[in-house]
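Before I ask anything, here is the structure I am working with.
The values are calculated or read from the model by the stated rules, or taken from the named source; none is laboratory data. None of these values were measured; they are calculated from a predicted model. No Cβ is skipped: glycine too gets one built from the backbone with ideal geometry, and neighbour counts run over all protein chains shown. Protein only, heavy atoms only, side chains kept; ligands, DNA and RNA dropped before computing areas. Shrake-Rupley method; radii C 1.70, N 1.55, O 1.52, S 1.80 Å.
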Amino acid sequence: MNLLKVLSSLLLCLFVSSGASAAPAKSPNGRIALKQQDSQFEVLYKGRSVLTFTNMGVTLTEASNVSLPTGEGQGGAPLSFVGCSEPRHIDIDYTMLAGKRLHCTNQCNEYRYTFREPSGREQVLVMRLCNDGIAFRYELENLPVCRFAAEQTTFRIPEGTPRWLQPWSDAYEGFFPLTLTGKTGQPTRWNRNPNRWGYPCLFDLSDHRQGQTVYALFSESNIESRQSASCLYNDGELYRVAPDQNDVDISGSWHSPWRVVMMGTLADIVESTLVTDMAEPSKIADTSWIKPGVVSWVYWAYNHGSNDYKIIKKYVDLAVALHLPYVLIDAEWDEMKDGKTIEDAVAYARQQGVKPMIWYNSSVGWINGAPGPKFRLNKPEDREREFAWCERIGVAGVKIDFFSGDNQMNMQYCQDLLECGARHHLLVNFHGATIPRGWQRTWPNLLSTEGVYGAEWYNNVPTFTRKAAAHNCMLPFTRNVIGPMDYTPCAFSDSQHPHITTHGHELALTVVFESALQHLADRPESFLAQPKEVQQFLGNLPTAWDETRLLGGYPGQFVVIARRSGNTWYVGMLNGRDEPQTINIPSFPFKGEVTVFSDTGSPANPWLISKTFALPSSVCLLPRGGMVIVSE
């Protein structure tokens, strides 16, 4: 072979020529397909191109104080396509202790696309085409000590495409406004980078001219050690996956988290379990102590109530009256008044047959000026001692608050907390923290996570009064899709700032929103003033579901969700608009007599509670109204 041919062969490896592609890939049900050309991937849904990944790959650089061998490192250099494996069929089948579905199944075909860096090292893109979406991650082997510098995954969303995106913040407490453009405004106090978006991100990729409806929801799953979480950055039409931290040193075998794209109708997305499908199986052998349930919660009505033993007793007594299994003792219990201690409060709850949970400051986010207790969980030896003490005095779980973002330190800290909590039989609820990314399967003692602009914001600013109804109709299609959401629903009275959603709307939130720990926000006297049927409903409310179905809805406008526990169906309806809205009740296998909780519109007598054997085909919900149907 002459020199010209050798140089030509080298150039072919360094810079991908056209035609460097594999055969099309597809999901087991054939709905989703993938065409690859070089490092670009085209996603098809029912034969129509709906999404284009314009670039793939990861970038590695020298680690601190370590030089890569000559030729190593990427710096954004192009990858050459080597080949694609034959598909491997995977049947996914596992059981959850909580969530939208206890028995989860899925099928996918896995394809492994191999690319070569200019140095000669190979990167493998593992692509799983599932029946309800795609998931992919990068795998590298035999790495020297180096630094993960960036991810090149980029996809295009054309102008005019409807999208619902939440500006990124470390606590994921924002709204999901509808927009048709990738152009962004100026930085604000709350959003310093207007081009940065937190998961999940919902896009309407439908072609209404062709009569095809398809949505895509982007998120991720299975954050492990040596990984940070990621978000999206956009530059006009191009959206890039960006890990929060690009200075993590890695070596040997390494893989990224799974990037997840749920795809299909809105019902397909809302009902999907793709985030937990991609997560590692449970690491807890004996889970018999993990029990989802409803919680009485002090903070919404009494910001500093957890340092007052008398107020804590009121919420324990409320749990007894409503037959709730849990009470949460929130911040500042380490400064309890009148000579009482947290041990006294825990003992009182246990004597009444109520399981107490207590709050901690993570002490990595908001520390100065923040409530305590602080600095009890950061060091492994301190965490072990504190959780052993919790177990010894009879604490059932911990709420841990004020984390500082998505970097590798926070991700590892959360996993350490879950592992230590499991060792001491403690349920865990993360607040002021990142969104669920599949840990609820791997560590099933994680029963809820905040990561949402929820009802506690009535305590902070007046914004939520006008926005709550529409926001509540947005969350079932975005944030709550990916995992439990500690919104703290259901308040019939007012906090610092009033709510203008109806009683029916507030009650329906407990069904529409999924959280294995469902914290009830209102004050005891308000709950106990409701009709006995409402009190009985709250006392019987499940927080883990055998089945979930979206029966109707559109982001921000209305939603109808049905959830089954055993043989009982619960249907929650919400109107997100400021005017009445007629909602169809889809044909549904209700059996026998059903109980209906709805609004009258009268402040003096707000409830309309009835029993019937025949539901109408449609109902008219009041402005910002709601309804609950229970079929035993």
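Step by step: first the residues of segment 583-623, then only those that are assigned to a loop (DSSP other than H, G, I, E, B) and of a type in the set (Ser, Thr, Tyr), then the one that is nearest to Leu550 (Cα to Cα). Which residue is that? Spell out how you get there, then give the answer.
Taking segment 583-623 and keeping what is assigned to a loop (DSSP other than H, G, I, E, B), we get 585-593, 600-606, 613-617, 622-623.
Next, only the ones that are of a type in the set (Ser, Thr, Tyr) stay: 587, 600, 602, 617.
Working: Ser587: 12, Thr600: 25, Ser602: 30, Ser617: 17 Å.
Result: Ser587.
Does any residue of segment 228-238 turn out to be closer than 29 Å to Glu419 by Cβ, touching a strand residue (DSSP E or B) at 6+ places or on another chain (Cβ under 9 Å) and part of a strand (DSSP E or B)?
The answer is yes, given that some residue of segment 228-238 is closer than 29 Å to Glu419 by Cβ, touching a strand residue (DSSP E or B) at 6+ places or on another chain (Cβ under 9 Å) and part of a strand (DSSP E or B).
Sticking with this one: Take the residues of segment 343-358 that are in contact with a helix residue (DSSP H, G or I) (Cβ under 7 Å, 6 or more places away or on another chain) and under 30 Å from Met409 (Cα atoms): which is surrounded by the fewest Cβ atoms within 10 Å (Cβ to Cβ)?
Of everything passing the filter in segment 343-358, Ile358 is surrounded by the fewest Cβ atoms within 10 Å (Cβ to Cβ).
Given the condition acidic (Asp, Glu) and either without any contact (Cβ under 8 Å) to a residue 60 or more places away in the chain or in a loop (DSSP other than H, G, I, E, B) (or both), answer yes or no: does some residue in segment 455-475 qualify? Before you say what the answer is, go through the steps one by one.
The first filter runs over segment 455-475 and keeps only residues acidic (Asp, Glu), leaving 456.
Still in the running and either without any contact (Cβ under 8 Å) to a residue 60 or more places away in the chain or in a loop (DSSP other than H, G, I, E, B) (or both): none.
There is no residue in segment 455-475 that is acidic (Asp, Glu) and either without any contact (Cβ under 8 Å) to a residue 60 or more places away in the chain or in a loop (DSSP other than H, G, I, E, B) (or both).
Looking only at segment 1-55, count every residue that is under 20 Å from Ala135 (Cβ atoms), modelled with pLDDT of 95 or more and not in a strand (DSSP E or B) and tell me the total.
Adding up the residues that qualify gives 6.
Additional query: Return the residue satisfying two criteria in turn: it lies in segment 100-111 and is in contact (Cβ under 8 Å) with a residue 40 or more places away in the chain and within 17 Å of Met262 (Cα to Cα), and of such residues it is most open to solvent (accessible area, probe 1.4 Å).
Gln107
With the requirement that a residue be hydrophobic (A, V, I, L, M, F, W, C) and over 25 Å from the mean Cα position of the chain (by Cα), what does segment 43-55 give you?
Scanning segment 43-55 gives a single hit, Leu44.
Here's another thing I want to ask about it. Which ones in segment 346-364 are closer than 21 Å to Leu447 by Cβ and not basic (Lys, Arg)?
Selection gives Val346, Ala349, Gly353, Val354, Pro356, Met357, Ile358, Trp359, Tyr360, Asn361, Ser362.
To keep it simple, each residue is scored yes or no on (1) in contact (Cβ under 8 Å) with a residue 60 or more places away in the chain; (2) farther than 16 Å from Pro489 by Cα.
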{"residue": "Pro281", "(1), (2)": "yes, yes"}
{"residue": "Ile284", "(1), (2)": "yes, yes"}
{"residue": "Trp289", "(1), (2)": "yes, yes"}
{"residue": "Val294", "(1), (2)": "yes, no"}
{"residue": "Asn307", "(1), (2)": "no, yes"}
{"residue": "Ile312", "(1), (2)": "no, yes"}
{"residue": "Asp334", "(1), (2)": "no, yes"}
{"residue": "Gly339", "(1), (2)": "no, yes"}
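Then there is this: Is it the case, given these coordinates, that Thr595 is farther than 30 Å from Tyr299 by Cα and open to solvent by less than 50 Å² (accessible area, probe 1.4 Å)?
Working: farther than 30 Å from Tyr299 by Cα: yes; open to solvent by less than 50 Å² (accessible area, probe 1.4 Å): yes.
Here the answer is yes, as Thr595 does meet what is asked.
Sticking with this structure for a sec: Please work out if Ile358 is within 27 Å of Ser219 (Cα to Cα) and β-branched (Val, Ile, Thr).
Spelling it out, it is not the case that Ile358 is within 27 Å of Ser219 (Cα to Cα) and β-branched (Val, Ile, Thr).
Anything in segment 112-137 that is of a type outside the set (Val, Ile, Thr), open to solvent by less than 20 Å² (accessible area, probe 1.4 Å) and either outside any loop (DSSP other than H, G, I, E, B) or at positive phi (or both)? List them, or say none.
Tyr113, Phe115, Gln123, Leu125, Met127, Leu129, Cys130, Gly133, Ala135, Phe136
Hey, another quick one. Looking at segment 193-201, is at least one residue modelled with pLDDT of 95 or more, assigned to a loop (DSSP other than H, G, I, E, B) and under 25 Å from Ile32 (Cα atoms)?
no
Ile367: without any contact (Cβ under 8 Å) to a residue 24 or more places away in the chain, β-branched (Val, Ile, Thr) and open to solvent by 10 Å² or more (accessible area, probe 1.4 Å), yes or no?
The answer is no for Ile367.
Quick one: in segment 138-157, which of the residues that are in a strand (DSSP E or B) and of a type in the set (Val, Ile, Thr) is least open to solvent (accessible area, probe 1.4 Å)?
Initial filter on segment 138-157 (in a strand (DSSP E or B)): 138-151, 154-156.
Filter once more, so that each one left must be of a type in the set (Val, Ile, Thr): 145, 154.
Values: Val145: 69, Thr154: 19 Å².
Looking at the filtered set, the residue picked out is Thr154.
Report the residue count in segment 417-430 for those that are touching a Lys or Arg at 6+ places or on another chain (Cβ under 7 Å) and either surrounded by fewer than 22 Cβ atoms within 10 Å (Cβ to Cβ) or farther than 21 Å from Lys291 by Cα (or both).
Within segment 417-430, residues that are touching a Lys or Arg at 6+ places or on another chain (Cβ under 7 Å) and either surrounded by fewer than 22 Cβ atoms within 10 Å (Cβ to Cβ) or farther than 21 Å from Lys291 by Cα (or both) number 1.
Could I ask something else about it? Does segment 465-477 contain at least one residue that is open to solvent by 10 Å² or more (accessible area, probe 1.4 Å), of a type in the set (Val, Ile, Thr) and touching a Gly at 6+ places or on another chain (Cβ under 6 Å)?
no
Among the numbered criteria (1) in contact with a helix residue (DSSP H, G or I) (Cβ under 9 Å, 6 or more places away or on another chain); (2) in contact (Cβ under 8 Å) with a residue 60 or more places away in the chain; (3) closer than 16 Å to Arg624 by Cα, which one does Pro498 miss?
(2)
Please go through segment 82-97 and pick out each residue that is in contact with a Phe, Trp or Tyr (Cβ under 9 Å, 6 or more places away or on another chain), exposed (fewer than 14 other Cβ atoms within 10 Å of the Cβ) and assigned to a strand (DSSP E or B).
Across segment 82-97, the qualifying residues are Gly83, Arg88.
Restricting the search to segment 158-184, which residues are of a type in the set (A, V, I, L, M) and either at pLDDT below 95 or in a strand (DSSP E or B) (or both)?
Start the filter on segment 158-184 by keeping residues that are of a type in the set (A, V, I, L, M), which leaves 165, 171, 178, 180.
Correct list: Leu165, Leu178.
Separate question: From the list Asp268, Asp249, pick out the single residue that is at pLDDT 95 or above and either in a helix (DSSP H, G or I) or farther than 22 Å from Thr478 by Cα (or both). It would help to see each step written out before you state the result.
Values: Asp249 fails: at pLDDT 95 or above.
Answer to the check: Asp268.
Does segment 185-192 include one or more residues that are modelled with pLDDT of 95 or more and surrounded by fewer than 22 Cβ atoms within 10 Å (Cβ to Cβ)?
no
Return the residues of segment 564-604 that are in contact with a helix residue (DSSP H, G or I) (Cβ under 7 Å, 6 or more places away or on another chain) and aromatic (Phe, Trp, Tyr); say none if nothing qualifies.
Tyr570, Phe597
Sticking with this one: Can we say Ile393 is closer than 19 Å to Ala331 by Cβ and open to solvent by less than 10 Å² (accessible area, probe 1.4 Å)?
Numbers: closer than 19 Å to Ala331 by Cβ: yes; open to solvent by less than 10 Å² (accessible area, probe 1.4 Å): no.
In short, no.
Name the single residue, out of those in segment 253-304 being of a type in the set (Ser, Thr, Tyr) and more than 18 Å from Ile223 (Cα to Cα), that is surrounded by the fewest Cβ atoms within 10 Å (Cβ to Cβ).
If we filter segment 253-304 for residues that are of a type in the set (Ser, Thr, Tyr), which is where we start, we get 253, 256, 265, 272-273, 276, 282, 287-288, 296, 299, 302.
Filter again for more than 18 Å from Ile223 (Cα to Cα), leaving 265, 272, 287-288, 296, 299, 302.
Values: Thr265: 14, Ser272: 26, Thr287: 13, Ser288: 7, Ser296: 28, Tyr299: 21, Tyr302: 18.
Filtering first and then ranking leaves Ser288.
Could I ask something else about it? Name the residue that is farthest from Phe477 (Cα to Cα), counting only residues in segment 489-542 that are at pLDDT 95 or above and among the hydroxyl-bearing types (Ser, Thr, Tyr).
Ranking the candidates gives Ser526 first.
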